[in-house]
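Q: Next up is a structure, given as structure tokens.
The values are calculated or read from the model by the stated rules, or taken from the named source; none is laboratory data. Since we're looking at a predicted model, the values are computed, not measured. Positions of Cβ are generated from backbone atoms using ideal geometry, with glycine treated the same way; all protein chains shown enter the neighbour counts.
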Amino acid sequence: AVILMNHYWDGLPDRHDFPSTKKLILMPNVEMYELQASHYHRVDYVLAKTKDAYQRITQWYDRDDNNRRNTSVYYTSHTTSDPTVLAKEAAKVDPVTYTAAPRNWENLTFFHANGHSTLKNTIELLDCWSSRPDFPPISIYSSDGGSNDTYWRHLRDGRPMLNVQYHSGVFASGALITGVGARWTGDKVLMGPGTEFNVEHELICDTVDRVLALTPAERSTRAANGQTRYHEQQAYFKAAMAKFRRLLRQELTPGRNATA
């Protein structure tokens, strides 16, 4: 079997030498517009990383003759790599550069990374920090055009945002998390049918104000709780994938011991 991540197939199933008996497994981020019905029609298994995705994918397969391949959907939960592990390894080689500074829950700093994504409300976040020069410093790592244009627009309009460092994985690190995008929080909670959020920059500012109103002890406790949830979710994902592997072995080799 082969696991395909989103739409990044690189023509693999279409190769002339690709075995016709090999099972295809899709692990999608359902919000990616590049994923078409044809992707779901071609696979034998779909691994849903959120409960919302599991419900939507299952419902889609149940209607309009969408499941002629008899595709199965499994809920695995979602996990991500722990950036602190890489930092700790790098610190062994270069302690001066990579050793993390101890957290200071009294004097906060903020961090936001959206990469190429346009769905994490980076534009609204920039608008928020531009309107609130009293906010603590924030580092933003982004490479999408809209966010870049917004940053330079604020500079041209005479708002230099001295509290923003703009540079063209966080639960694991133990930071205090605030969500600025519905799609991001969809990986952590069960969304209702048709749930959609229009996040204005004022709402982000209100959230930051609530964080700043917390005591240092409250901030530390909430961050620790988030880190605990990360480890619980990682354990769930590991167990779910191990269970799926056993089920897959049973289906591919009928009669084989499930514990093999």
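Q: Would you confirm, using the coordinates I've provided, whether Q59 is surrounded by 13 or more Cβ atoms within 10 Å (Cβ to Cβ), at negative phi, part of a helix (DSSP H, G or I) and not hydroxyl-bearing (S, T, Y)?
A: No; evaluated as a whole, the condition is false for this residue.
Q: Same structure, new question: Which number in (1) touching a His at 6+ places or on another chain (Cβ under 6 Å); (2) exposed (fewer than 11 other Cβ atoms within 10 Å of the Cβ); (3) not acidic (D, E) marks the one condition that C128 misses?
A: (2)
Q: Among the residues of the range 131-142, count how many are buried (at least 20 other Cβ atoms within 10 Å of the Cβ) and under 15 Å from V211 (Cα atoms).
A: 1
Q: Conditions: (1) assigned to a loop (DSSP other than H, G, I, E, B); (2) assigned by TED's automatic domain parsing to the domain that holds V164; (3) more than 23 Å from the chain's Cα centre (by Cα). N70 meets all but one. Number of the miss?
A: (2)
Q: Please find, among R15, R69, the residue that is surrounded by 13 or more Cβ atoms within 10 Å (Cβ to Cβ) and charged (D, E, K, R).
A: R69
Q: Taking the condition at pLDDT 95 or above and of a type in the set (S, T, N, Q), does T50 pass?
A: No; evaluated as a whole, the condition is false for this residue.
Q: Moving on. From the set of residues in the range 85-112 that are among the charged types (D, E, K, R) and part of a helix (DSSP H, G or I), which is farthest from the chain's Cα centre (by Cα)?
A: By that ranking, first place goes to K92.
Q: Give me a count of the residues in the range 106-125 that are buried (at least 20 other Cβ atoms within 10 Å of the Cβ) and either assigned by TED's automatic domain parsing to the domain that holds Y33 or polar (S, T, N, Q) (or both).
A: Residues in the range 106-125 being buried (at least 20 other Cβ atoms within 10 Å of the Cβ) and either assigned by TED's automatic domain parsing to the domain that holds Y33 or polar (S, T, N, Q) (or both): 3 in total.
Q: Related question: Could you check the range 40-50 and list, in sequence order, the residues that are of a type outside the set (S, T, Y) and either surrounded by fewer than 19 Cβ atoms within 10 Å (Cβ to Cβ) or assigned to a loop (DSSP other than H, G, I, E, B) (or both)?
A: Residues satisfying the conditions are H41, R42, V43, D44, K49.
Q: Given Y54, Y74, which one is buried (at least 16 other Cβ atoms within 10 Å of the Cβ), of a type in the set (S, T, Y) and over 25 Å from F18 (Cβ atoms)?
A: Going through Y54, Y74 in turn, the sole match is Y54.
Q: Could you please let me know if L248 is surrounded by 15 or more Cβ atoms within 10 Å (Cβ to Cβ), at pLDDT 90 or above and touching a strand residue (DSSP E or B) at 6+ places or on another chain (Cβ under 9 Å)?
A: Yes; evaluated as a whole, the condition is true for this residue.
Q: Next question. Scan the range 135-144 and tell me whether some residue there is at pLDDT 90 or above, assigned to a strand (DSSP E or B), in contact with a Leu (Cβ under 9 Å, 6 or more places away or on another chain) and not assigned by TED's automatic domain parsing to the domain that holds R219.
A: Checked against the condition, which is being at pLDDT 90 or above, assigned to a strand (DSSP E or B), in contact with a Leu (Cβ under 9 Å, 6 or more places away or on another chain) and not assigned by TED's automatic domain parsing to the domain that holds R219, the range 135-144 yields no hits at all.
Q: Provide a single number: the residues in the range 195-225 that are within 16 Å of F110 (Cα to Cα), among the small types (G, A, S) and within 21 Å of the chain's Cα centre (by Cα).
A: Residues flagged as within 16 Å of F110 (Cα to Cα), among the small types (G, A, S) and within 21 Å of the chain's Cα centre (by Cα) within the range 195-225 amount to 1.
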